[in-house]
Protein chains: 2
Amino acid sequence: MSTNRLLELFEQNPGEYVSGELISQQLGVSRTAVWKQIKKLESIGYQFDASRRLGYKLISSPDTLSVPELLSQMKSKIFGSSIHWFESVDSTQNIAQKLAEEGAPEGTLVIAEQQQNGRGRMGRGWVSPQGKGIWMSMILRPSTPIHFAPQLTLLTAVALCRSLRRVTELPIGIKWPNDLLIEGKKISGILLESTAEDERLRYVIAGIGISVNLEKTDYPDEMLNKVTSLRIANGGDGFDRTTIITDFLHEWEQLYLLYCEKGFGPIITLWEALSVSLNQPARLITPQGTIDGVPIGLDASGALTVRKEDGSTVIVFSAEMGEPVR
Amino acid sequence: MSTNRLLELFEQNPGEYVSGELISQQLGVSRTAVWKQIKKLESIGYQFDASRRLGYKLISSPDTLSVPELLSQMKSKIFGSSIHWFESVDSTQNIAQKLAEEGAPEGTLVIAEQQQNGRGRMGRGWVSPQGKGIWMSMILRPSTPIHFAPQLTLLTAVALCRSLRRVTELPIGIKWPNDLLIEGKKISGILLESTAEDERLRYVIAGIGISVNLEKTDYPDEMLNKVTSLRIANGGDGFDRTTIITDFLHEWEQLYLLYCEKGFGPIITLWEALSVSLNQPARLITPQGTIDGVPIGLDASGALTVRKEDGSTVIVFSAEMGEPVR
């Protein structure tokens, strides 16, 4: 017996008690089976009032994304044109990669209410509890060569930052290359996994995690000085995830089309305007060694230009950026 | 019953007939089972003389690579330090990728005698029959950022070209970016599949196919004006595959270490010296359109600099290179 048919029964009788006997008859299962399904729904966020005499009443549903609602609000044409929604997955990146290998087109979107094993940069984990954030991955098939893959990472950060600033009116900035911060605390992560054959990009899986409605209790204590959510930053009032997703997909698609037509120049300007990493001392840990200096901008390829203490500049392609050591 | 035990019996009696009855007794199987195993061995290149009175005599074995022999001749330290050998696989790239995902270290080498579904550039097939070529894939884990992945493709072509010229003394040149040609016909293909997380290369699977001892009859007729083998180009005399593999791995490792230490500059010089694509008109078909011009060299990133008819130069990152249209 699927919980879908049980939920339909409650949707047909909103705000009313439905007797266990009626459910049992309608679905053709035992009353014990009905009770087990109610428990299962409670475990994923549904709340019921159970009365011995009257039966069960649905009090509240978890905040669940609805694909028809998403599609009806969608302003983008390609991005999100096909949506694969899951209650719970190991990682949306893995599913999107499988779809890409099977030939799914650009713009195919995978969204999950919950990730068991969300992935961040460098194999780090990512807190992604049920229904409280946006955990999604999208397939890109750009015709740019592999040299320019990092530009897509920066473009995605710009699109997400612009969209979230507009929807939430919160002071969000970009930490190089692609973390979004509010007052120094991380509210979203972007991870672009590229697959290339020689110099040709075959596809890119863009993973986006946005901590929308998480509460302080959703995070381990030791993380609270490093991470926050849009809701916490907004004084406790949450945001509608459907609005955030559809607005972001639209902004992202616009910038992507601009990039395909005009190149990386316009994106550099937008990125630099939103960045919180420029013009202040930083320590950059690269595979080749540590660099102390002041990041002053992006070069034409998307690498970071850093002015060192002796006045010379270096180009940094890949690094972990941290606070300067004083 | 494994064919290995049957082969051992013949190795213990070199040049002699072994009776079906003796084999049947020694291996504890029926004489019909023995006959079936002989047929199986014949199907993969072993030749037997069968006498009703005397039994079977092993006439010749297929040219099969021996891992202990490869390891004993190996001059490289990291490249090929671990070898996974297979009689037949779908594609060595797929196996190496799986090993890389499981954490196999840099230098892990996958070699197969035969590929059922060898892959070339852009999803094209690759003729890779039993025992006549070198079909292999190696895991690289460079600490260079993704921007520089194409440099590894050019480096690999230089290493293979230098090594094959030394071992075979044939006039081999590099067609941009990484095909090796003898008198305009392709004798090897290189395919580097990169996997990256944002700007970090996670690993690169370098696939190398070398047509060593193939004969004209191994190719479809319509391909014979485009491809050749070292053996055909050498007037019918073949080459020892173990020597080619171990010499190439050594050259490749030397250039890779040079690249990690000194950067791409020295590789540009070597590539340009061996290239057959420079200073003659070509048509380059890029995702953005067709360019007619004369390739004049590599730029510092590894892209091709092309002089157009009007005297201006363009940088080409990715293209199919063909003959100019006259």
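With everything on Cα atoms, drop me the angle between helix B:31-43 and the longest principal axis of chain B, reported from 0 to 90° to the nearest 10.
Tilt relative to chain B: about 20 degrees.
Where in segment A:288-304 does the label zone of A:E323 land, with the point 7 angstrom along Cα→C-beta and an amide N cut-off under 18 Å?
A:291-295
Counting other Cβ atoms within 10 Å of each Cβ, which trypsin sites (Lys or Arg not before Pro) in segment A:1-103 have at most 16 and sit in a DSSP loop? Display every interim value, and only then the final one.
Working: sites: A:R5, A:R31, A:K36, A:K39, A:K40, A:R52, A:R53, A:K57, A:K75, A:K77, A:K98; in loops: A:R52, A:R53, A:K75, A:K77.
Qualifying residues, ordered by number: A:R52, A:R53, A:K75, A:K77.
Using just the helices of chain B, give the 222 nm mean residue ellipticity in deg cm²/dmol: DSSP H runs with n ≥ 4 each add -39,500 (n - 2.57), and the total is spread over all residues, rounded to 500.
Values: 9 runs with 104 residues, N = 326.
Mean residue ellipticity, 222 nm, calculated: -10000 deg cm²/dmol.
Choose one answer from A:S24, A:S88, A:S194: the residue with the largest mean-square fluctuation in a GNM of chain A with alpha-carbon springs under 10 Å.
A:S24
Work out how much length B:N225 to B:D90 would gain on full extension: take 0.36 nm times their residue separation and subtract the Cα-Cα distance, in nm to one decimal.
Taking B:N225 through B:D90 to full extension adds about 45.9 nm, to one decimal.
Put +1 on the Cβ of every Lys and Arg and -1 on every Asp and Glu Cβ in chain B; which of B:L249, B:T3, B:L160 then has its Cα farthest towards the positive end of the dipole?
B:T3
When you look at the Cβ of every residue in A:146-152, what mean number of other chain Cβ atoms sits within 10 Å?
That works out to 6 on average.
Pick out which of B:T92, B:T32, B:T269 has the largest mean-square fluctuation in a Gaussian network model of chain B, springs linking Cα atoms closer than 10 Å.
In the Gaussian network model the winner is B:T32.
Take each of the peptides A:61-67, A:229-235, A:201-207, average the number of other beta-carbon atoms within 10 Å over its residues, and list them starting from the highest. Mind showing how you got there, number by number?
Working: A:61-67: 14.1, A:229-235: 19.1, A:201-207: 23.1.
Highest mean packing first, the order is A:201-207, A:229-235, A:61-67.
Here are some pairs, A:K175/B:K98; A:K185/A:K308; A:K262/B:K185; A:K226/B:K98; which of them have Cα atoms lying more than 31 Å apart in this structure?
In this structure, A:K175/B:K98; A:K262/B:K185; A:K226/B:K98 exceed 31 Å between Cα atoms.
From the phi angles alone, apply the Karplus equation (6.51, -1.76, 1.60; θ = phi - 60°) to segment A:19-25 and give each ³J(HN,Hα) in whole Hz, x where the residue is Gly or Pro.
In residue order, the calculated couplings are 6, x, 5, 4, 4, 4, 5 Hz.
What is the set of long-range amide H partners of B:L298 at a cut-off below 5 Å, with H atoms built 1.01 Å from backbone N?
The list, which skips near neighbours in sequence, is B:T305.
Other chains' Cβ within 10 Å of A:308-319 residues: what's the mean?
2
Pop the C-beta distance of B:I296 and B:W35 into the FRET formula with R0 = 51 Å and round what comes out to the nearest 0.05.
0.20
Could you run the Karplus curve 6.51 cos²θ - 1.76 cosθ + 1.60 with θ = phi - 60° over segment A:160-165 and give me ³J(HN,Hα) per residue in whole Hz, x for Gly and Pro?
5, 5, 4, 5, 5, 4
Using a basic spin-label model with each label point 7 Å from the Cα along Cα→Cβ, how many nm lie between B:N13 and A:T3?
Result for the modelled spin labels: 7.0 nm.
Round to the nearest 0.05 the FRET efficiency obtained for A:S72 and A:K98 when R0 = 25 Å and r is the Cβ-Cβ distance.
0.35
No lab work stands behind these numbers, since they all come straight from the coordinates. The model shown is predicted, which means the values in this text are computed figures rather than measured ones. Heads up, the Cβs are rebuilt from the backbone with ideal geometry, glycines too, and the neighbour counts pull from every protein chain shown.
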